[in-house]
Amino acid sequence: MMKKIWFLYPDTTPLSSNAFDWFRESFSRYGMEVEVHFWDEASPDSPLSVDGRPDAVVMRGYNLELSRKFESGGIRVLNTTRSMELCRDKITTSEILAARGIPAPRTVVYEEQYPTWERLVEDFGGKPVIMKLSFGSKGEDVFLVEERAQYTQARRHCEKLAPARPGSRPLYQEYIQTSCGRDIRVWVIGGKVAGCTLRSNKCSFKSNFAQGGNAHAITLPQGAAELAVRAVEALGLEFAGVDILFGGGEYPEFLVCEVNGNAGFRTASLIGGVDIPTILAEYMSHSLCQHKFHF
Ligand SMILES: Nc1ncnc2c1ncn2[C@@H]1O[C@H](COP(=O)(O)OP(=O)(O)O)[C@@H](O)[C@H]1O
Ligand SMILES: [Mg+2]
């Protein structure tokens, strides 16, 4: 019998630009039927219930309550609630990576959240600092701070935004200048590299597509591949996108910038000719057959 896989998205997802049919087609080739459902971002009490008894659920956004509900009902959720909780928070991610000795920019948080400019200068040896909110995406809440006025501006932005992201806090990072406007996005599925692209942006230090970055094909250096797989494993994700920065000099050759449990993938397919939905379908059909449950 066809296995039933639910893909759950927030209802803010643009219907025009999504990959629903792509998932449907890829999964059907592996004997799985895809149903797409949406949760209401405005209301925490989702009417989506486990009664539909899907064989597995793929979360295409962060909704820990909802995914926990499915897990409690004995349904396999990918990525697990726990792994999504860990990777959603950039501070938690950096703590886990540091504990595992996985190279990443040194990250500092302050009890008072926003330290004085003098303290920042002292703690980072007068070097440029990257400031971010712990929950964020698309490069929207990431700032390069090199002087007091930039810090004041970034702080204002974060203070304004933080209430809309309950639980988020600012973090401060070493700026990996050698990676300015460039990084490698690596997709990892089931512990293996599924694809990658080089992202670059001439107009910003941020390489996100949403910030004007472009994608290029790249042969993935072995060191970057190993790092991506280690980072994803540390967080317990099965389907993830990892941003890898270019280090060198005083830094390791590659550093993990971010691990994303809700990674987009269309660029990988366009640039690298990699079919991420098919790789995911193959992985899921295999792991569902083996009744491997990851709670
Ligand atoms: N510490 C850093 N050093 C150099 N560049 C960085 C650093 N942190 C972030 N960036 C740049 O900013 C981009 C966005 O940062 P990221 O932490 O991935 O936030 P988001 O979740 O918004 O994508 C990265 O893809 C990278 O290009
Ligand atoms: Mg990112």
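The values are calculated or read from the model by the stated rules, or taken from the named source; none is laboratory data. All of these numbers come straight from a predicted model, not from anything done at the bench. Reconstructed Cβ throughout: ideal geometry from the backbone, glycine too, with neighbour counts over all protein chains shown.
Cβ-Cβ distances below 9 Å connect the following pairs, each with a first residue in the stretch 179-190 that is over 16 Å from F209 (Cβ atoms), a second residue that is of a type in the set (S, T, N, Q) and outside any loop (DSSP other than H, G, I, E, B), and a separation of six or more residues or different chains: G190/S287. Among the residues of the stretch 175-194, those that are more than 16 Å from ligand 2 (Cβ to nearest atom) and not in a loop (DSSP other than H, G, I, E, B) comprise Q177, T178, I189, K192, V193, A194. Can you pull out every residue in the stretch 217-253 that is in contact with a Lys or Arg (Cβ under 6 Å, 6 or more places away or on another chain) and closer than 18 Å to R82 by Cβ? Answer for the stretch 217-253, where residues must be in contact with a Lys or Arg (Cβ under 6 Å, 6 or more places away or on another chain) and closer than 18 Å to R82 by Cβ: just A234. Would you check if T278 is assigned to a helix (DSSP H, G or I), at pLDDT below 95 and either touching a helix residue (DSSP H, G or I) at 6+ places or on another chain (Cβ under 6 Å) or within 15 Å of ligand 1 (Cβ to nearest atom) (or both)? So T278 does not fit the description; no. Considering each residue of the stretch 134-145 in turn, none proves to be away from ligand 2 (no atom under 16 Å from the Cβ) and surrounded by fewer than 12 Cβ atoms within 10 Å (Cβ to Cβ).
Cβ-Cβ contacts under 6 Å between residues 6 or more apart (or on different chains), taken from a first residue in the stretch 1-21 that is at positive phi and in a loop (DSSP other than H, G, I, E, B) to a second residue that is of a type in the set (S, T, Y) and surrounded by 14 or more Cβ atoms within 10 Å (Cβ to Cβ), are absent. Residues in the stretch 100-139 that are of a type in the set (G, A, S) and either touching an Asp or Glu at 6+ places or on another chain (Cβ under 8 Å) or touching a residue at least 40 places away in the same chain (Cβ under 8 Å) (or both): A104, S134, G136, S137, G139. Of all residues in the stretch 195-229, those that are within 16 Å of ligand 2 (Cβ to nearest atom) and of a type in the set (V, I, T) total 1.
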